[in-house]
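Encoded as structure tokens, the structure appears first; notes follow it.
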Amino acid sequence: MLPAGAIAARAEKYPSRPVHWIVSFPAGGANDIVARILGQYLSDYFGQQFAVENRSGAGGNVGMESALRSAADGYTIAFVGPNNAISATLYERLPFDFIRDSAPIGGIMRLTNVMEVHPSVPAKTLSEFITYAKANPGKINFASPGVGTSPHLSGELLKVMTGINIINVPYRGAAPALTDVLAGRVPVLFDNLPSSIGHIRSGELRPLGVTAAKRVTALPDVPAIAETVPGYEASVWYGLAAPKETPPEIVEKLNRAINLALTDRTVQARLAELGGEPMPMTPKEFGKLVIDETEKWGKVIRAAGIKAE
């Protein structure tokens, strides 16, 4: 064991080499976009590269397992999102326990998911879509970035609350899902707003509703799903974590840097373009958020009888 003075000295010099930032979904998705915005700021701030690596699979669990099994020295960090809270219940035999095996660093942002359709879909509103889906039970597919992701659960929650029967088609991230929906191979997509907002603004995809409780500034003309389905809400949040035994001095140093980044006007503007709002938190606050979200989605998964494929 290192003496306290040696640990403090190590943290003081941190980072003295590049930091490996694992994002558990492919390049081009919302997680990746946000990680690269923050990664550039942290690289400039610390004078060391924060290199984003996309390691996808199993609804984000492949990348997270890799991150949590890495050395707890601050040189491997992980992008955290609702999928990590969802997977705790969705998967019966995960090779890790996210809450037990991670050290929360802090929050990054809050945003919404969006339900959108290819222009060929006859429904122009969510109400029309629900009627259309009830007339075609089991015949309409919806794409999602993977089983256990927040967009997937957003779709499942809509099914539970409306009684429609639409079929999830999971992809290995938002980018390949978008490709197929834009091509008309799958008619419906639930996605994080950042990766879809450009296609919505260009008219390539038609938004039917955002999953946040209220309309969002980035798409003020798009209704919240809750306006049609009262009580519906599925917000998205992003943050950072590290392997469990990462020195608290390093966690605090990263937390201060992230929270400072979220006050930067350029970073704020970039996040606003994606429809997100900064979510600065202490490590303890972010850890509590993960615990609360794990309990919330656990109840939804159990009530709906959702199983990982």
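The values are calculated or read from the model by the stated rules, or taken from the named source; none is laboratory data. Remember, predicted model here, so these are calculated numbers, not experimental data. Neighbour counts are summed over all protein chains in view; Cβ atoms, including those assigned to glycine, are modelled from backbone coordinates with ideal geometry.
Would you mind stating whether residue 52 is within 22 Å of residue 180 (Cβ to Cβ), aliphatic (A, V, I, L, M) and surrounded by fewer than 24 Cβ atoms within 10 Å (Cβ to Cβ)? Steps first, answer last, please.
Values: within 22 Å of residue 180 (Cβ to Cβ): no; aliphatic (A, V, I, L, M): yes; surrounded by fewer than 24 Cβ atoms within 10 Å (Cβ to Cβ): yes.
No; evaluated as a whole, the condition is false for this residue.
Are any of the residues in the stretch 280-288 exposed (fewer than 14 other Cβ atoms within 10 Å of the Cβ) and within 19 Å of the chain's Cα centre (by Cα)? First the steps, then the outcome.
Keep residues of the stretch 280-288 that are exposed (fewer than 14 other Cβ atoms within 10 Å of the Cβ), which gives 284, 288.
Filter once more, keeping what is within 19 Å of the chain's Cα centre (by Cα): 288.
Yes, some residue in the stretch 280-288 is exposed (fewer than 14 other Cβ atoms within 10 Å of the Cβ) and within 19 Å of the chain's Cα centre (by Cα).
With respect to residue 63, is the statement that it is under 14 Å from the mean Cα position of the chain (by Cα) and of a type outside the set (Val, Ile, Thr) true? Lay out the reasoning, then the answer.
Working: under 14 Å from the mean Cα position of the chain (by Cα): yes; of a type outside the set (Val, Ile, Thr): yes.
Considered against the rule, which asks whether it is under 14 Å from the mean Cα position of the chain (by Cα) and of a type outside the set (Val, Ile, Thr), residue 63 comes out as yes.
Would you check which residues across the stretch 177-204 are in contact with a helix residue (DSSP H, G or I) (Cβ under 6 Å, 6 or more places away or on another chain) and surrounded by 24 or more Cβ atoms within 10 Å (Cβ to Cβ) and list them?
If the condition is that a residue be in contact with a helix residue (DSSP H, G or I) (Cβ under 6 Å, 6 or more places away or on another chain) and surrounded by 24 or more Cβ atoms within 10 Å (Cβ to Cβ), then 189, 190, 191, 192, 194, 195 are the ones that fit.
How many residues does the stretch 152-181 hold that are in a loop (DSSP other than H, G, I, E, B) and touching a residue at least 60 places away in the same chain (Cβ under 8 Å)?
Applying the first criterion (in a loop (DSSP other than H, G, I, E, B)) to the stretch 152-181 yields 163-165, 171-173.
With touching a residue at least 60 places away in the same chain (Cβ under 8 Å) added as a condition, the list becomes 172-173.
Total meeting the criteria: 2.
Per-residue answers, yes or no, for (1) at pLDDT 95 or above; (2) in contact with a Leu (Cβ under 8 Å, 6 or more places away or on another chain):
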{"residue": "192", "(1), (2)": "no, yes"}
{"residue": "195", "(1), (2)": "no, yes"}
{"residue": "207", "(1), (2)": "yes, yes"}
{"residue": "233", "(1), (2)": "no, no"}
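Let me confirm something: among 130, 108, 86, which residue is β-branched (Val, Ile, Thr), crowded, with 16+ Cβ neighbours inside 10 Å and over 20 Å from residue 236 (Cα atoms)? Before you say what the answer is, go through the steps one by one.
Values: 108 fails: over 20 Å from residue 236 (Cα atoms); 86 fails: over 20 Å from residue 236 (Cα atoms).
Checking each option against the conditions leaves just 130.
Identify, from the list 100, 93, the residue that is out of contact with any strand residue (DSSP E or B) (no Cβ under 7 Å at 6 or more places or on another chain), touching a residue at least 24 places away in the same chain (Cβ under 8 Å), basic (Lys, Arg) and not in a strand (DSSP E or B). Quick ask: steps written out before the conclusion?
Numbers: 93 fails: touching a residue at least 24 places away in the same chain (Cβ under 8 Å).
100 is the lone residue from the list that is out of contact with any strand residue (DSSP E or B) (no Cβ under 7 Å at 6 or more places or on another chain), touching a residue at least 24 places away in the same chain (Cβ under 8 Å), basic (Lys, Arg) and not in a strand (DSSP E or B).
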